[in-house]
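The values are calculated or read from the model by the stated rules, or taken from the named source; none is laboratory data. Computed from a predicted structure; not experimentally measured. As a convention, Cβ positions derive from the backbone with ideal geometry for all residues, glycine included, and neighbour counts pool all protein chains shown. Heads up: the accessible areas ignore ligands, DNA and RNA and are worked out on the full protein's heavy atoms, side chains in. Shrake-Rupley method; radii C 1.70, N 1.55, O 1.52, S 1.80 Å.
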Number of protein chains: 2
Amino acid sequence: MKDITAAILVIGDEILSGRTKDKNIGYIAECFSNIGVYCKEVRIVPDEESKIIGALNELRKDYTYVMTTGGIGPTHDDITADCVAKAFGVEISENEDAINMLLERIPLEDLNESRRRMARIPHGAKLIENNVSKAPGFQIDNVFVMAGVPAVMQAMLDVVITRIDKGQKLFTCNISTNIKEGDIADILREIQKNNPNIMIGSYPYYTDDGYGANIVCRAKNLNELKNIASIIESSLSAIGNVEVGEFE
Amino acid sequence: MKDITAAILVIGDEILSGRTKDKNIGYIAECFSNIGVYCKEVRIVPDEESKIIGALNELRKDYTYVMTTGGIGPTHDDITADCVAKAFGVEISENEDAINMLLERIPLEDLNESRRRMARIPHGAKLIENNVSKAPGFQIDNVFVMAGVPAVMQAMLDVVITRIDKGQKLFTCNISTNIKEGDIADILREIQKNNPNIMIGSYPYYTDDGYGANIVCRAKNLNELKNIASIIESSLSAIGNVEVGEFE
C-alpha cells in the first residue's frame, strides 16, 4: 500500500511575528498520525500572494494532501481563497451554497460586502462546512482550505477526515529511561541498523530530578514493534531504569 | 535600510508526528520581532537528509538568516550537522573546541563514540556555546544550527542574538474591540488602502461572552502608528467598545 502523506501550510503574519502561537500544526499532525496519514512537511508563510501560491504549488505536487490554515475571514488581510484560485488557475466567485451557510448565522441585513467575501470560493471546489462560525472552508483537488482560529479549524478537520483516504496507522511504543542519551546512543544505533523497518527516535529530557531519554519506536507491524521494545528493554536495563509503555 | 529577514527550519519526526508540540518557533519569532528581524518563513521537515538539505539550501538563499532547531544530539537520528555540511559542500569532522566544551560537563571516560558525534562540526563553522547541556551548536555563513530541546535552544539563541544584525523593530499597537470582524472589515480595508505603510491585521476571537476582534497595527514609524490607532478608534467607537492598547 502506498503511504498517504500530507503537508500543512499555515498562512498568517501573526504566527511569523510570534504574536500568536500556532495551535493547529500539532493538532492536525497528531490527528493524522492516528489515522495513518503521515505529515511530512509544514510551512508557515506570511499573508503575501507570491509566498502562498509558491508554497501551495510545491506542496500539492509532493504530497497526497495539503491542509491550509488561516486567511479565510472577511478582512483585507484574508487572501487565501484568491491565492488558491490563482494557484490552480481557476476563477473565483461568490458561491450560493456558501452564502446560504453564512445566512444560517448572519441575518441578511448584516451580510455586507466584507462578509460576502467569505463566500468567495474557487470554481470546482467543494465546501467544507463548519458548525462553529458557519463560514465554510473548501476543498479543491488535494488541497483543503481551513480557518486559522483553532476551534473553527478543528470543526472543519472533523469534516476533512471523513473525506480523505486513511493509511496504516503506525503502532507506537514509548520507552522511558533515566539513562542519559549519550549512554544509550551506541546501543540504539546498532538496534536501528539491524531493524530498518522500525523508526526509533530518542528524545532527551531535563528535569529537576536529572537527565534521561525517552525512546519512541514506531512500526507498521505490531509484533515487530513488541520485539524491538523487548530488545531495547533488555539491552538498557543493565544501565538504568527502563519502563516500556503501552503499544498504541 | 534593508530589512533583516529570517527563516526557521525545524528538523524532527517527533514534531511532524504530533507527539512533540513545537515550542521553539513562537519563541524565536517573538524574540526576533523584538529586535527588528522579520521572520518570513518557517519549515518543519523530517529527519531525512534530502529534505533537510533541500529546505536549507532554499532558505539560506532567500533570507538574511536561517535558524535551524533539532537533530544535533548523540543518537542515530541526529543528522543535522552532516546535512548542513553537505548543503554547504564542506567537510565535517571532530572539532577540538567542541570536545573541550563537552568535557566541561562529561568526564573523559564517558566520552564515548556517540557523545563525540556532538563535536562533529562542519569545517569553517563557528561554535555556538550553551550553558545548559554544554554541547555546542554552530554557525556557518548565515545559518545558525541550534538544539531542539527548548531550554538548550533558548541558551543558544541568547548567543546568536549577540552575533546577528538587528533591524528596525516594528512598533505595535493592539486595539481590542467587542465588534464582530464582519462589521469592521469594510472600514479596515479602506484605512489599510489609504495607509500602505501600516500593517493592519484583524484577528477574530470567540469566548463565552461573545465574539469580537483584535486589530493589530504595526509600523516602522511611531507617529504614523499613533495616527492610525486614533483613526481606527474614532471610526469604530460608534459601533462598539474600542480599547487602544500600549504602543510597544
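Descriptive notes on the structure:
- For the range A:53-99: rounded, prolate or oblate by the Cα gyration tensor [a/c cutoff 1.5]: prolate
- Ascending list, in nanometres, of distances separating the B:Ser230 label from those of the other copies (7 Å, Cα toward Cβ): 7.7
- Whether the range A:83-153 is rounded, prolate or oblate, judged on the alpha carbon gyration tensor where a/c under 1.5 counts as rounded: oblate
- Tail weight of P(r) past 22 Å, computed on alpha-carbon pairs of chain B, percent: 61 percent
- The distance linking the range B:181-229 with the range A:166-231 is 48 Å (Cα centroid to Cα centroid, whole angstrom).
- Within the range B:194-237, none of the trypsin sites (Lys or Arg not before Pro) combine a DSSP coil assignment with at most 11 other C-beta atoms in a 10 angstrom radius.
- Straight Cα distances below 19 angstrom link A:Lys86 to the aspartates and glutamates A:Asp47, A:Glu48, A:Glu49, A:Glu58, A:Asp62, A:Asp77, A:Asp78, A:Glu94, A:Asp141, with same-chain residues fewer than 8 positions distant left out.
- Computed in the context of the full set of protein chains, the accessible area of chain A at 1.4 Å probe radius has 46% of its extent on carbon or sulfur.
- Dipole magnitude of the range B:4-163, debye to nearest 20 (Cβ charges: Lys/Arg +1, Asp/Glu -1, about Cα centre): 380 debye
- If you plug the beta carbon distance of A:Glu58 and A:Met1 into 1/(1 + (r/R0)^6) with R0 = 30 Å, you get a FRET efficiency near 0.75.
- Sequence-distant residues sharing a close amide H with B:Tyr205 (under 5 Å, placed H): B:Gly212, B:Ala213, B:Asn214
- Chain A, rotation onto B, residue closest to that axis via Cβ, with its distance in Å: A:Arg43, 3
- Accessible surface buried by the B/A pair amounts to about 4900 Å², both sides summed, 1.4 Å probe.
- Annotation for the range B:69-130: GluC sites (Glu not before Pro) lying in DSSP loop with at most 13 further Cβ atoms inside 10 Å of their Cβ are B:Glu91, B:Glu104.
- When shorter helices are ignored and each DSSP H run of at least 4 residues is given -39500 (n - 2.57), the per-residue value for chain B at 222 nm works out to -11500 deg cm²/dmol.
- Beta-bridge orientation, the range A:4-163: approximately 35 percent antiparallel, per DSSP, counting only bridges with both partners inside.
- 25 Å Cα-Cα reach of B:Lys180 towards lysines, excluding residues that sit fewer than 8 places from it in its own chain: A:Lys21, A:Lys23, A:Lys134, B:Lys193, B:Lys226
- The range A:9-60-the range A:71-117 distance, computed between alpha-carbon centres (Å): 21 Å
- Loop-located trypsin sites (Lys or Arg not before Pro) in the range B:109-212 (DSSP state not H, G, I, E or B) with no more than 12 neighbouring Cβ atoms inside 10 Å: B:Lys166.
- Å² per residue, accessible surface of the protein assembly as shown at 1.4 Å: 43 Å²
- Peptide A:23-33 has a mean shielding of 4, counted as Cβ atoms of other protein chains within 10 Å of each residue's Cβ.
- Principal axis box of the range A:171-247, alpha-carbon based, largest edge first, Å: 36, 23, 19
- Backbone phi angles across the range B:170-179, fed through the Karplus curve with coefficients 6.51, -1.76 and 1.60 (θ = phi - 60°), yield HN-Hα couplings of 7, 6, 10, 9, 9, 10, 9, 9, 9, 9 Hz in residue order; Gly and Pro are listed as x.
- Cα pair count fraction exceeding 35 Å, expressed as % - the protein assembly as shown: 38 percent
- Across identical copies of the chain, B:Leu108 has label-point separations of 8.8 nm, listed in ascending order, with the point defined 7 angstrom from Cα along Cα→Cβ.
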